[in-house]
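A short worksheet on the structure shown next.
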Amino acid sequence: MAKILIIDDEKSIRSTLREILEYEKYEVDEAIDGQDGVDKLSKKKFDIALCDIKMPKLDGIEVLEKAQEIDPDLQFIMISAHGSIETAVEAVKKGAYDFIQKPPDLNRLLIALRNALDKSSLVTETKILKKKISKTFDIVGESNAIIDVKETIAKVAPTEARVMITGDNGTGKELVARWLHLQSKRSKNPFIEVNCAAIPSELIESELFGHEKGSFTSAIKQRIGKFEQANGGTIFLDEIGDMSLSAQAKVLRVLQENKITRVGGDKDIKVNVRVIAATNKNLKDEIQQKNFREDLYHRIGVILIKVPPLRERKDDIPLLVDKFLNDISAEYGTKKSAIEGKALDILQSFEWTGNIRELRNVTERLVIMCGDTITANDVKKYC
């Protein structure tokens, strides 16, 4: 039930509004003047404030300014018999959601309230989503190996340098790439990921650079490639060691000239993209075997970041497990599971060939199969 505060020095107005809003199933409170309104806003959370302009002690605009300091997400609707275009414009500029003249039209008021609540819900959902995203992309760990990675990211992210990320499968190479993007000057622009190993060699060029309609049998319409989609932002070429030599040649051209040509097209298209690549292969060995271009390796590997395997950072396992327990409880909508110290000791003794991805899966299995507390016996049984 939405909570609404009516701030007005006229008792008759407060009573009328309360009667209407309570009939519409809103929870209503009243404040007899501006100062009383600020006091109540300081003590209790409200979704919407209906506020008069002309009041003793503090006028409506002053209440609005103070309310924004208390709760920036509070939706403010100004109601006044002394309304003018200038007053309405000033109120909206100061952060009011809407301005309604007295006596308020009932339908107009109820529509304004519903729209303000919709906006409040969107603001809340956006904040929750951003919080989830920031937690999802958090690099957890305090071991020397992971601290080195974080320090390198902090130095490299604000630059335009191309980065090559190496490491075993499941170590978190994509996470490092996202951190590089989120801490860069391009963070408000797209982050486009391409898994080079998952795309057939005959389709990789179309995926990266796009194609024109009719350029091949199944090209029934124009396609915008990943490099164009990432314009102004970052493109992450995951498992670049699996990219075909012909696609490597075209990527090299992009790095040299900052332009692409769609498959089947003859027009050069300028792109401004930061390239981050990752691989679990030894690219120097791939170069010796003629599977990877040496000139592309030197172009793309300005900065090299090696993500350590989990077996080299076992001290981070308790922190990682705690994060996964939090994430899983949020996903399932259940109480966070506890884990015994001895259970963590056993988890730290494993080699974790699947790295962090394997640890995440094991933690989820334990949450599902065990009770509120994960014991050492549970780990022995289910791992």
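Every number in this text was worked out from the coordinates using simple rules, so none of it is lab data. This structure is a prediction, so every number in the text was calculated from the model and none was measured. Here the Cβ positions follow ideal geometry from the backbone for every residue, glycine too, while neighbour counts run over all protein chains shown.
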Measure off 7 Å from each Cα along the Cα-to-Cβ vector at Gln348 and Glu125, then give the distance between these two points in nanometres to one decimal. 4.3 nm
Amide H neighbours of Gly233 at under 5 Å, excluding residues fewer than 5 places away on the same chain, with H built from the backbone geometry, are Arg274
For the chain, what is the mean residue ellipticity at 222 nm derived from helices alone (per DSSP H run of n ≥ 4: -39500 (n - 2.57); sum divided by total residues; nearest 500 deg cm²/dmol)? -14500 deg cm²/dmol
Using only the alpha carbon atoms of the stretch 163-276, find the Kirkwood hydrodynamic radius as the inverse mean reciprocal pair distance, in angstroms to one decimal. 14.6 Å
Rounded, prolate or oblate: pick one for the stretch 3-131, where a ≥ b ≥ c are the square roots of the eigenvalues of its C-alpha gyration tensor, a/c under 1.5 means rounded, and failing that, prolate if a/b is larger than b/c, else oblate. rounded
Which ³J(HN,Hα) values, rounded to whole Hz and listed in residue order, are derived for the stretch 345-358 from phi using the Karplus coefficients 6.51, -1.76 and 1.60 in 6.51 cos²θ - 1.76 cosθ + 1.60 with θ = phi - 60°, glycine and proline given as x? 4, 5, 4, 6, 7, 6, 8, 6, 5, x, 6, 5, 4, 5
Expected-Rg normalisation [2.2 N^0.38 Å, Cα atoms] applied to the chain: 1.37
Quick one: net charge around Arg274, please, counting Lys, Arg +1 and Asp, Glu -1 for every other residue with C-beta under 10 Å from its C-beta. +2
Charge dipole of the chain about the Cα centre (unit charges at C-beta), most positive-ward option of Met243, Val92, Pro158: Met243
To the nearest 0.05, what FRET efficiency results for Val140 and Ala81 with a Förster distance of 56 Å applied to their C-beta separation? 0.45
Pick from Leu175, Leu113, Leu347: which residue has the top mean-square fluctuation in a GNM of the chain where Cα pairs under 10 Å get a spring? Leu113
Run the dipole for the chain about the Cα centre, Lys and Arg Cβ at +1, Asp and Glu Cβ at -1, nothing else charged, and hand back the magnitude in debye, nearest 20. 1100 debye
How long are the semi-axes of the equivalent ellipsoid of the stretch 312-382, taking √(5λ) for every eigenvalue λ of the Cα gyration tensor, in whole Å from largest down? 18, 14, 11
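Just want the ordering: Cys383, Cys196, from fewest to most Cβ atoms lying within 10 Å of their own Cβ.
Ordered by Cβ neighbours within 10 Å, fewest first: Cys383, Cys196.
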